[in-house]
Amino acid sequence: MLRSGLIRLLFITLLFVMAALLFAHPALLVSSVTRKIQEGSLPLNEGLKAAAKTRGAEDIYAADRPNELSPVVKDFPSRVYVPNSESASVDVIDPATYKVVDHFKVGRLPQHIVPSYDLKTLWVLDDQGYALTKIDPATAKVEKTVSVDDPYNLYFTPDGSEAIVVAEALHRLDFRDPQTMKLKFSLEVPCTGVNHLDFSADGSYFIASCEFDGKLLKVETAARKILATIELGPHDMPQDVRTSPDAKTFYVADMAADGVHVIDPEGFAQIGFVKTGKGTHGILVSRDSKFLYISNRGEGSISIMELASGKIIAKWRIPHGGSPDMGGISADGNVLWISGRYNSEVYAFDTTTGRLLARIPVGKGPHGLCVYPQPGRYSLGHTGLFR
């Protein structure tokens, strides 16, 4: 009797200790869930739901903290992959030396380089060549090419079940198999220049920008249907889209309005606008989820927005000018990498001081560069949109 009572007491104590640990460190539970997903012992959809509940309630980027690399990518060489649109090529930079260490030809007009949902592949998007070129990030080498209609940009649904190819010139969002890229469903969009998007916290909908007629679309993910449209203005040019860490706000860069639109995603209405600089184009979230790095392509600068206040607190200017476009952040969060679209170069900024660490010559028209590997459990696409 005494022994059974002691066992019961020890068991209850153990439960309390485990509960306290998980309350204090939810990452312990998430890492366990993630490991089960990767091992295949937990169904993917259920695993992601469980992980989202523990890490995504207050910050959807909680898995993107410095150096929190997935076991899938932890042994990949650290590289910066640069698609040179006008040179039809890709340059590969070693971030440790700021040197181009490889160069290869790709298609006709490579636009962005996108990590696959499962983190195992990098896709080079060649919209004019109607093709995706596969890079193995374990070797940093090209493997094969897959035919796909007009792949200007590429995203993945948060449950990993579908790839979404943004076929800008065809006015379509094509839902495809994320592995084979076989077409499953094509959604025609009522706008011109659809190009960037981001998802709600639960993935039930996403918001997409339409560059050439100043519109935003709200699309239901599972039903693949358009829920609503916002007309920002006939002269606006909305570009990159990012969800706030608490998922209560979407930010949309606007190259013509020279700033960032603040969008209420639930009511789907514009609730504010923040002036940033001429030719506002790309948006990245800092590794601690406290800031937005916003590229101003028309004036050669990066604006830093403090998310808590919604104000611009700093601006990093490129000496002698430049054209910062799209990019990514190093795994440790210390370096911001941005392509120089019209200057045939890539910029590396110290995220602590804003100092320009390097400007590296590359091919013509460098566009959606990808820093890889990066922290995160899975990729939602673009040049590195991780959760």
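The values are calculated or read from the model by the stated rules, or taken from the named source; none is laboratory data. These figures come from a predicted structure and were not determined experimentally. Glycine also receives a Cβ, built like all others from the backbone with ideal geometry; neighbour counts cover every protein chain displayed. Side chains are part of the model used for accessible areas, which takes the heavy atoms of the whole protein and leaves out ligands, DNA and RNA. Shrake-Rupley method; radii C 1.70, N 1.55, O 1.52, S 1.80 Å.
Shape of segment 221-270 from the C-alpha gyration tensor: oblate (a/c of 1.5 or more and a/b not above b/c, with a ≥ b ≥ c the square roots of its eigenvalues). Legend: helices of the chain (whole DSSP H runs) are marked when their alpha-carbon atoms reach 24 angstrom or more along the helix axis and their mean Kyte-Doolittle hydropathy is at least -1.0; marked are 2-24.
Taking all Cα pairs closer than 8 Å and separated by 6 or more residues, the relative contact order of segment 46-171 comes to 15 percent.
Could you give the dipole magnitude of the chain about its Cα centre, charging the beta-carbon of Lys and Arg +1 and that of Asp and Glu -1, in debye to the nearest 20? Before the final figure, lay out the partial values.
Details: 41 positive and 44 negative charges, 200 e Å.
Value, rounded to 20: 960 debye.
Taking the square root of 5 times each eigenvalue of the Cα gyration tensor, what semi-axes in Å does the equivalent ellipsoid of segment 137-263 have, largest first? Each step should come with its number before you reach the end.
On the way: eigenvalues 120, 53, 48 Å².
Ellipsoid semi-axes (Å, largest first): 25, 16, 16.
Each Cα pair under 8 Å and six or more residues apart adds its separation to the average, and for the chain the resulting relative contact order is 15 percent. Close amide H pairs (under 5 Å, H built 1.01 Å from N) link S89 with N84, V106, residues at least 5 positions away or on another chain.
Among the cysteines of the chain, those with no neighbouring cysteine Cβ under 4.7 Å are C370. Let a ≥ b ≥ c be the square roots of the eigenvalues of the Cα gyration tensor of segment 329-387; is it rounded (a/c under 1.5), or, if not, prolate (a/b larger than b/c) or oblate? Taking the square roots of the gyration eigenvalues as a ≥ b ≥ c, segment 329-387 is oblate. Using the Karplus relation 6.51 cos²θ - 1.76 cosθ + 1.60 with θ = phi - 60°, the per-residue 3J(HN,Hα) values for segment 119-134 come to 6, 8, 9, 10, 9, 8, 9, 10, 6, 6, x, 6, 8, 10, 9, 8 Hz, with x marking Gly and Pro. Summarising the amide proton neighbourhood of K215: residues at separation of 5 or more, or on other chains, whose placed amide H is nearer than 5 Å comprise C210, L232. The gain in end-to-end length when the H320 to S147 segment is fully stretched comes to 58.2 nm, 0.36 nm per residue minus the alpha carbon separation.
Once backbone amide H atoms are built at 1.01 Å from N, G381 has F156 as its partners under 5 Å, excluding neighbours fewer than 5 places away on the same chain.
Divide the volume of the convex hull around the Cα atoms of the chain by the residue count and you get 148 Å³ per residue.
Annotation: peptides 112-119, 124-131, ranked by per-residue average of other Cβ atoms within 10 Å with the highest first, follow the order 112-119, 124-131.
Ranked highest first by average number of other Cβ atoms within 10 Å, how do 202-210, 139-147, 225-233 line up? Mind showing how you got there, number by number?
Working: 202-210: 21.4, 139-147: 13.1, 225-233: 15.0.
The packing order, highest mean first, is 202-210, 225-233, 139-147.
Cross-link partners of K218 among aspartates and glutamates, defined as those whose alpha carbon lies under 16 angstrom from its own and excluding same-chain residues fewer than eight positions apart: D174, E188, D198, D202, E231, D240, D264, E266. Accessible surface for the chain, divided over its residues, is 42 Å² per residue with a 1.4 Å probe.
Karplus-based coupling profile of segment 214-222, in residue order and whole Hz: x, 10, 10, 10, 10, 10, 6, 5, 5, with θ = phi - 60° in 6.51 cos²θ - 1.76 cosθ + 1.60 and x standing for Gly or Pro. Each residue of segment 174-186 is assigned a 3J(HN,Hα), and the resulting list reads 9, 8, 10, 5, x, 9, 8, 6, 5, 5, 10, 7, 10 Hz, derived from the Karplus form 6.51 cos²θ - 1.76 cosθ + 1.60 (θ = phi - 60°), x at Gly and Pro. For segment 277-387, the number of Lys pairs with C-alpha atoms closer than 18 Å, counting only pairs eight or more positions apart or on separate chains, is 4.
Out of the total accessible area of the chain (probe 1.4 Å, heavy atoms of protein only), what percent is carbon and sulfur? Intermediate values should be presented prior to the final figure.
Values: 9000 of 16140 Å².
C and S atoms contribute 56 percent here.
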